[in-house]
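Down below is the structure, laid out as structure tokens.
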Amino acid sequence: MSDPFASPATSTGVDWKEVNGALILINVLGVDEAVQTVHGVIDAVRANIVVLDGDLKGETFDDTLVFPRVLKSQLKSKVGQLVLGRLGQGTAKPGQSAPWQLVEATETDKEVGRAHLKAQPEIAAPF
């Protein structure tokens with residue numbers, strides 16, 4: 001008899017610096033409003049993230065919250081969709097850190113994304 005219980009998610013969040021420059025596939029699950037953080041109350045995007053290349057290739061971050069402002073703005077209108085892009089940083093404003101953002105996937109990146117989905121059909125199944 002198979003075990004009917006799932007193990008709890010172990011994701012502690014994404015260290016964006018470690019994923020910088022990598023191709024990532026983001027399954028946007030929803031928007032969590034008014035999340036209490038050490039920096040105050042802020043909205044976040046809830047997502048499952050898979051790293052498709054780079055040093056962390058194959059790493060998954062399930063049910064994680066995305067807080068970086070620009071990245072969050074790129075994802076919040078994509079609930080229920082898969083977003084593919086290369087993580088990078090924009091230009092910093094004076095006195096601020098450079099914002100994390102997704103750069104649009106190239107055709108080569110899309111081929112990598114399609115190959116991943118073909119190998120993991122359960123990811124695309126709800127879409």
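The values are calculated or read from the model by the stated rules, or taken from the named source; none is laboratory data. From a predicted model like this one, the values you see are computed outputs, not experimental measurements. For neighbour counting, all protein chains shown are included, and Cβ atoms are generated from backbone atoms with ideal geometry for every residue, glycine included.
The residues on offer are V112, V41, and the sole one that is over 15 Å from V19 (Cα atoms) and in contact (Cβ under 8 Å) with a residue 12 or more places away in the chain is V112. Which ones in segment 77-127 are among the acidic types (D, E), farther than 25 Å from D43 by Cβ and under 16 Å from the mean Cα position of the chain (by Cα)? Within segment 77-127, D109 is the sole residue that qualifies.
Here is a check on your reading of the model: is V70 more than 12 Å from I26 (Cβ to Cβ) and of a type in the set (V, I, T)? In short, yes.
Scanning segment 53-64 for residues that are assigned to a strand (DSSP E or B) and within 17 Å of K17 (Cβ to Cβ) gives F61, T64.
Table: residues versus (1) without any contact (Cβ under 8 Å) to a residue 60 or more places away in the chain; (2) under 11 Å from I24 (Cα atoms).
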position: I49; (1), (2): yes, yes
position: L52; (1), (2): no, yes
position: D62; (1), (2): yes, no
position: K76; (1), (2): yes, no
position: K118; (1), (2): yes, no
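In this entry, I49 passes the filter for residues that are out of contact with any Gly (no Cβ under 6 Å at 6 or more places or on another chain) and either modelled with pLDDT of 95 or more or among the aromatic types (F, W, Y) (or both). The residues of segment 51-84 that are β-branched (V, I, T), farther than 19 Å from H39 by Cα and touching a helix residue (DSSP H, G or I) at 6+ places or on another chain (Cβ under 7 Å), listed by number, are V51, V83. Checked against (1) β-branched (V, I, T); (2) within 18 Å of K17 (Cβ to Cβ); (3) modelled with pLDDT of 95 or more, V83 passes all but condition (2).
Residues that are exposed (fewer than 14 other Cβ atoms within 10 Å of the Cβ), among the acidic types (D, E), out of contact with any strand residue (DSSP E or B) (no Cβ under 9 Å at 6 or more places or on another chain) and at pLDDT below 90 are absent from segment 96-111 altogether.
If you go through segment 20-45 and keep only what is part of a loop (DSSP other than H, G, I, E, B) and over 27 Å from E107 (Cβ atoms), you end up with V38, H39. Can you give me the number of residues within segment 65-96 that are not in a loop (DSSP other than H, G, I, E, B) and not hydroxyl-bearing (S, T, Y)? Result for segment 65-96: 18.
Could you run through segment 78-95 and say how many residues are surrounded by 10 or more Cβ atoms within 10 Å (Cβ to Cβ) and polar (S, T, N, Q)? Total satisfying the criteria: 2.
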